[in-house]
Amino acid sequence: MPSGEYDPETVEANWQERWVDEDLYAFPESAVDPDTVFSIDTPPPTVSGSLHWGHVYGSILQDFVARFKRMRGKEVYYPFGYDDNGIASELLTEDELGIKHQDYERREFQKLCREVTSKYEAEFTEKMQRIGTSIDWNQTYQTISPEVQRVSQLSFVDLYEQDRQYRQRAPAIWCPECETAISQVETEDDEQGSHFHDIEFDVVDSEESFVISTTRPELLPACVSVFVHPDDDENQHLVGQEAEIPIFGQQVPILEDERVDLETGTGLVMCCTFGDQTDIEWYQAHDLPLRIAIDESGTMTDVAGEYSGLSSDEAREEIVADLEDEGALLDKRAITHTVNVHERCGTSVEFLVKDQWYIKLLDKREEYLEAGEEMDWYPEKMFTRYKNWIEGLQWDWAISRQRSSGIPFPVWYCGECEHVVVADREDLPVDPLSDDPPVDTCPECGHDEFVAEDDVFDTWATSSLTPLINAGWDWNPETEEMELERDELYPFDMRPQGHDIISFWLFHTVVKCYEHTGEVPFDSVMINGMVLDENREKMSKSVGNIVSPDEVLDKFPVDAARYWAAGSAVGDDLPYQEKGLVAGEKLIRKLWNASKLVESLTEDAPDEFDHDDLKAIDRWLLASLDREIEFVTEKLDNREFSKARDRLRSFFWHTFCDDYLEIAKQRLREADDPSAAYTLQTVHRRFVRLFAPILAHVTEELWHDMYDGESVHAQSWPEPLGLDADVEAGETAMAVVGALRKYKSDAQLSMNASIDEVEVYGTIDGFEGDISGVMHVDSLTSTDEEPPIESVTSGIDLDYSIVGPEYGSKVPDIEAALAQDDYELVGDELHVAGVELGPDAFEVNEERTYSGEGEFVETEGALVIVKNEN
RNA sequence: GGGCUCGUGGUCUAGUGGUUAUGACGCUUCCCUUACAAGGAAGAGAUCGGUGGUUCGACUCCGCCCGAGCCCA
């Protein structure tokens, strides 16, 4: 029985513990009907980092859906993944144990990683449980586990056999500091100081020469062509000729391409293997040869002739000096320009040519776009991000990473003919560096020595498999097919995702799962926005405006945070604001206090009551709640949490507490009133369930205290009762109560002061007693008759939705005539400005005055005359 | 530099062609009415970022500009 003040600190912790202990949210073990399953594929957070407020926000939104769907009769599959595979965990392990991963075999190092991260996993679990989500803690996985490694490698084998992957000598972005290849998304721009060198090039078989400005003279030996912009009239005549490279002497074609930047340098550009991204594009577009002058350690190769063996920095100095000697260096000046750097270490990247594995994307752009279209997007507008990403794709997806730790490619190459040997599925996971290939000799050439692939997968190659991990995707040796152990989960009903990572996490997941199963992995996607600080600015460590979950939850109940999280349209960014949480706290308190009152009033409430015997106001309240239920259900179905929350709060607070409860209280205290008691309890039970997905803890406490001892989260969602009621009379009655409150307020009377006499001109049939009871009216009469007041026509209001389309440009004339009172009312028609408007098109505005005894109050649907001696 | 999203009282937010713009927080005044004063009642407060256009009519649609965020270069 709810009594005293609500104590969220104790109550919330208690329920969180019990929910986990009692496995309340456990997904059924046995196979279930896919039609009644609601499966969620949650993107696993990095556990080596700390749980931040953005995680909390995203998780709460997921939980709203999970709890709502559960009450709607679904078996909800709500798993949790710990992402501990990746550089962050590796660095953490090295730090904590004071080791270097290079000193260990991969498997050993991964084992150490698992040990270190398990501590962080436990911490993460605790924090996730503290926000009261209904995750099924029996359904968890670690991305570093051997099982997930197996899925990753199975994915590779499957895509390889489907010919969706290829290995190609291709440009790779290389970080010389980290000695690893990185993806395009791991680079960022940086302004750096450098020097422009103006170098003179001779045109072959001509007296002519031209000048190129370059920041990278050490790339002269790598030069394969010179480019001119198509709009560059001055240099147009050079196109088609050849240029001779100073010092090195190679002769290269002069070509035209619109990617030449006319603003920088001389408008003529040399293309090398590879100075920047544009060089790579030119290499691909113009089918240019490769001249690799710098290797991956930054050392000059044989291509550089006498400079070979020097570091690229040394080579630059010597080449510049030699150019000067030859008279080819015309000028050298300091500039700042934008370079590509590795986002982790800030080192400017190199472009190398390496053997890399790629997943094909470009050839199926249309299909992947259609896959995106097949999913329901909440909100819809976020689909454009997915669409734009696909339309802008210029590369296939490079999945090779030249790192010594990570999940290895299950591949060996023949030492003789480079034939690719892929591991057997039964043997996965394997590490080619430690394990033998599945064949003794090369099936192609019979050679018996193999070279292990030493690259590892890009972590996204694993992160993009979560639906398959959750659904138990594996090889069935009997049928020789890939199968889903838990077929009923797939495709997943919902995938939550932050809007900042739609382009790679979501996209890559769709692509991979689609290729593996032939099905789009998600029926729907729910996109969450970012959490901003109080000033609507992005949270960042460097600015120091990070909000930590512990800090917030020490101060506020979780339910208050949950109320706050429901406060914005899904997909929109949401500022963290304490007043939002304070508002939540107030609602929790209101719900608690109202429940105490309901409890005290409904001790004798009948479980059953013939709806035909309901009093008007009870019938009215139940019918009004029906409409609210329909609204709230629809909004939650559409992930419009904010609308559901606000409407429910407002109906509960104002209609139920302020209007109905005040009346019911009086009725029940004055006499036995089974109709009121029954209604009060019925409505209250419904409110507790309606609030349950959002205010998960306080509703649970109330349900247990007041009702059947089961969890509110295991109850079914309220269905409308389908009662008929005179809704209009009820609303008029409430408006009359409002008018009487206003009268008392204006007269500075207390709300329980009595009023002698009230006359209501309007329909309030059946509500008279309720009004007089709650407002302490000694004598209340109501009538449908015309009130004893004088009406003066004060103006005409047009209904523009009718007048506008009908009269178009004549509307201003009509308005002008009305403004000058130049019109005539003929019967139910309005004659104005030469047109005749029907009764639907306008409304006569009347000013009412009352000169009789007492005071006249006008309200929605009724006119009220108050006569009071006091 | 490109794409997408957002801009509404002091603050947060609803509203996507119909003229009196929603609600909450805060503010002012009044009211201790036996669930709740962290409550109730009343009230003030917005030319809907700027500008130009389409339309009888624009917060809403279109162009440009400004500001913020995200992604990409």
_Tell me which of A:Gly838, A:Tyr378, A:Phe201 sits at the most positive position along the dipole axis of chain A, charges placed on C-beta atoms (Lys, Arg +1; Asp, Glu -1)._
A:Tyr378
*Give the Debye-formula value of log10 I(q)/I(0) at each listed q (0.12, 0.19, 0.20 Å⁻¹), with one equal scatterer per alpha carbon of the range A:84-236, two decimals each.*
-0.85, -1.36, -1.40
*Pull out the extension gain between A:Ala671 and A:Glu815, defined as 0.36 nm times the separation in residues minus the alpha carbon to alpha carbon distance; nm, one decimal.*
46.1 nm
*Taking amide hydrogens as modeled 1.01 Å from N in the peptide plane, which residues meet the under 5 Å criterion relative to A:Thr859, leaving out close sequence neighbours?*
A:Val864
*Run down the aspartates and glutamates and flag those whose C-alpha is under 17 Å from the C-alpha of A:Lys360, throwing out any fewer than 8 positions away in its chain.*
A:Asp158, A:Glu161, A:Asp163, A:Glu370, A:Glu391, A:Asp396, A:Asp458, A:Glu515
*Return, ordered by residue number, the residues of the range A:573-594 whose backbone nitrogen is under 17 Å from a label point located 7 Å along Cα→Cβ of A:Lys381.*
A:573-575
*Is any helix in chain A, taking whole DSSP H runs, at least 24 angstrom long along its axis by alpha carbon and on average at least -0.5 on the Kyte-Doolittle scale, and which ones?*
A:53-71, A:578-601, A:616-637, A:674-691, A:727-746
*Karplus couplings for the range A:133-140 from phi (6.51 cos²θ - 1.76 cosθ + 1.60, θ = phi - 60°), rounded to Hz, Gly and Pro as x?*
6, 9, 5, 8, 6, 7, 10, 10
_Dipole magnitude (debye, nearest 20) for chain A, charges at Cβ of Lys, Arg, Asp, Glu_ = 2540 debye
*What distance in nm separates the simple spin-label points at A:Ser206 and A:Asp95, each placed 7 Å from Cα in the Cβ direction?*
5.8 nm
*Distance from the Cα centre of the range A:449-482 to that of the range A:386-439, in angstrom?*
10 Å
_Candidate lysines - alpha carbon under 24 Å from A:Lys538, same-chain residues fewer than 8 apart omitted_ = A:Lys127, A:Lys381, A:Lys555, A:Lys579
*Which residues' amide hydrogens lie under 5 Å from the amide hydrogen of A:Trp473, considering only partners 5 or more residues apart or on another chain, with H built in the peptide plane?*
A:Glu485
*Cα atoms only, chain A: Rg and Dmax in Å?*
37.3, 117
*Given R₀ = 60 Å, FRET efficiency for A:Ser311-A:Lys579 by Cβ-Cβ distance, to 0.05?*
0.50
*Rounded to the nearest 20 Debye, what is the dipole magnitude of the range A:175-352 about its Cα centre when Lys and Arg each give +1 and Asp and Glu each give -1 at the C-beta?*
300 debye
*A:Glu373 to A:Asp746: extension gain in nm, 0.36 nm per residue of separation minus the Cα-Cα distance?*
128.4 nm
*asked:* Under the 0.36 nm per residue contour assumption, what length would be gained going from the current alpha-carbon distance of A:Ser118 and A:Tyr800 to full extension?
replied: 238.8 nm
_Under 8 Å for C-alpha pairs, at least 6 residues apart: give me the relative contact order for chain A, rounded to a whole percent._
12 percent
*Distance between modelled label sites at A:Glu147 and A:His286, nm, 7 Å Cα→Cβ extension*: 5.4 nm
*Which value in nm describes the separation of the simple spin-label points at A:Glu343 and A:Asp163, placed 7 Å from the Cα toward the beta carbon?*
3.5 nm
*For the peptides A:705-713, A:532-540, A:50-58, A:193-201, what is the packing order when you average, over each peptide's residues, the other Cβ atoms within 10 Å and list the highest mean first?*
A:50-58, A:193-201, A:705-713, A:532-540
_Mean residue ellipticity (222 nm) of chain A, computed from DSSP H runs ≥ 4 via -39,500 (n - 2.57), nearest 500_ = -11000 deg cm²/dmol
_Amide H contacts of A:Met539 (H built 1.01 Å from N, under 5 Å, at least 5 apart or other chain)_ = A:Asp533
*Hey, what do the phi angles of the range A:425-440 turn into as Karplus ³J(HN,Hα) couplings, whole Hz, using 6.51/-1.76/1.60 and θ = phi - 60°, x for Gly and Pro?*
4, 4, 8, 5, x, 10, 10, x, 5, 10, 9, 8, x, x, 10, 8
*Evaluate E = 1/(1 + (r/R0)^6) for A:Asp784 and A:Arg536, where r is the Cβ-Cβ distance and R0 equals 45 Å; express this FRET efficiency to the nearest 0.05.*
0.25
*Nearest 0.05, what FRET efficiency do A:Glu416 and A:Gln250 give at R0 = 30 Å with Cβ-Cβ as r?*
0.35
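We did not get these values from a lab; they are worked out from the coordinates using the rules stated. Since the structure is predicted, the reported quantities are computational estimates derived from the model, not experimental observations. Because the Cβ atoms are built from the backbone with ideal geometry, glycine has one as well, and the counts that use them run over all protein chains shown.
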